[in-house]
Amino acid sequence: MSVSAVTTPEPSSTAGSLRVRMLLAFFAIYFLWGTTFLAIRIVVEELPPLFAAGARFFIAGVALSGFMLARGGANPTARQWRNLLVMSLLMFVAEYGPLFWAEKYVPSGVVSVLAATIPIITLVLEMLILRQKKWRLGLAAATLLGLAGVGILLLPGGPQHFPVVPCLAILCGCTTWSLGTVLSRSMDLPRARPVTAGATMMLGGGILLLISAGLREMHPMPHVSLRAAGALLYLIVFGSLLAFTAFVWLLAHMPATRVASHAYVNPIVAVALGYFVGGEPLTMRTLAGTALVLVSVFMILRRGK
């Protein structure tokens, strides 16, 4: 058998391997990220929220940063470390600190729907800060639909009423995440995205742990069951290391709008999981608000292609 006969199948084999990796990566950002909302709820039932969020991201960030360093990844410059610190404050401390705290009071499915407003808020900030897009009828209608969905979720009264302050805390966190996303486009950051991801998680997690220590969240030491410890480990490994790494990898191989489609898949997974596994109530108000937010996100992402 000739050498050429042996090597001819390689291109198709490589293409098939790439397709499998893409399927696995989309499964990670669609399903694994969708399951993290219920895992957070389980964790904060026993662990203080800021400590839980800090432990999740600090451990995952140290692991990812160590892996990239072992592979010869370039160490960020002093200016890049400063920018990474700003990103960590906006996208991890100000986002996930309030989110973990809010899950003590708001069902995980509803939290996932409020978190799905990130593309809507990002669009508004792009228009206000970068001025790259202009208001058009379709975008304006999509934004209003999303706001109407949030308004339905926050309406007082009815059989199920969600506390306003935790919901607003989630939306404020979504705003800081979106601001960090928009500002990062003009920041000097490491070229290797996993280096940026690992450093921001490590810094953000470390700051959350320091705030937790300052607030004496772990005094007295709470009892932690295997269920809560397992949920925290799940968040570290599957929610941060696997899903976030898959997200970063997909951004290097797919259009950003297609990768961002996780924003209208995660809430479906989270709401279903919260109802069938977590025993969370599901009312017509929740379904209506969820539907409006998801349609809004879908319209915005489709117009971004």
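The values are calculated or read from the model by the stated rules, or taken from the named source; none is laboratory data. Just so you know, these numbers come straight off a predicted model, no measurement behind them. Because the Cβ atoms are built from the backbone with ideal geometry, glycine has one as well, and the counts that use them run over all protein chains shown. Note: accessible area is taken over every heavy atom of the protein model, side chains too, but ligands, DNA and RNA are not part of it. Shrake-Rupley method; radii C 1.70, N 1.55, O 1.52, S 1.80 Å.
Structural remarks
- Scan of segment 144-168 for residues that are more than 17 Å from residue 105 (Cβ to Cβ) and modelled with pLDDT of 85 or more, ordered by number: 144, 145, 146, 147, 148, 149, 151, 152
- The condition (being open to solvent by less than 30 Å² (accessible area, probe 1.4 Å), out of contact with any strand residue (DSSP E or B) (no Cβ under 9 Å at 6 or more places or on another chain) and part of a helix (DSSP H, G or I)) is satisfied by just one residue among 119, 98, 76: 119.
Each row is one residue, and each column tells you yes or no for (1) buried (at least 20 other Cβ atoms within 10 Å of the Cβ); (2) among the hydroxyl-bearing types (Ser, Thr, Tyr); (3) modelled with pLDDT of 95 or more; (4) at positive phi.
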residue	(1), (2), (3), (4)
186	no, yes, no, no
194	no, no, no, no
207	yes, no, yes, no
212	yes, yes, yes, no
219	no, no, no, no
222	no, no, no, no
230	no, no, yes, no
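- Residue check, residue 153 in a helix (DSSP H, G or I) and open to solvent by 50 Å² or more (accessible area, probe 1.4 Å): no
- Any hit, segment 267-287, residues being assigned to a helix (DSSP H, G or I) and farther than 17 Å from residue 111 by Cα: no
- Number of the condition not met by residue 81 [criteria: (1) of a type outside the set (D, E, K, R); (2) modelled with pLDDT of 95 or more; (3) assigned to a loop (DSSP other than H, G, I, E, B)]: (3)
- When 128, 171 are screened for being surrounded by fewer than 21 Cβ atoms within 10 Å (Cβ to Cβ), part of a helix (DSSP H, G or I) and at pLDDT 85 or above, only 171 passes.
- Residues within segment 78-109 that are hydroxyl-bearing (Ser, Thr, Tyr) and without any contact (Cβ under 8 Å) to a residue 40 or more places away in the chain, tallied: 0
- Pairs, first over 10 Å from residue 35 (Cα atoms) in segment 267-279, second of a type in the set (D, E, K, R), C-beta under 7 Å, six or more apart: 278/41
- Flag for residue 64 being more than 25 Å from residue 107 (Cα to Cα), at pLDDT 90 or above, touching a helix residue (DSSP H, G or I) at 6+ places or on another chain (Cβ under 9 Å) and open to solvent by less than 20 Å² (accessible area, probe 1.4 Å): yes
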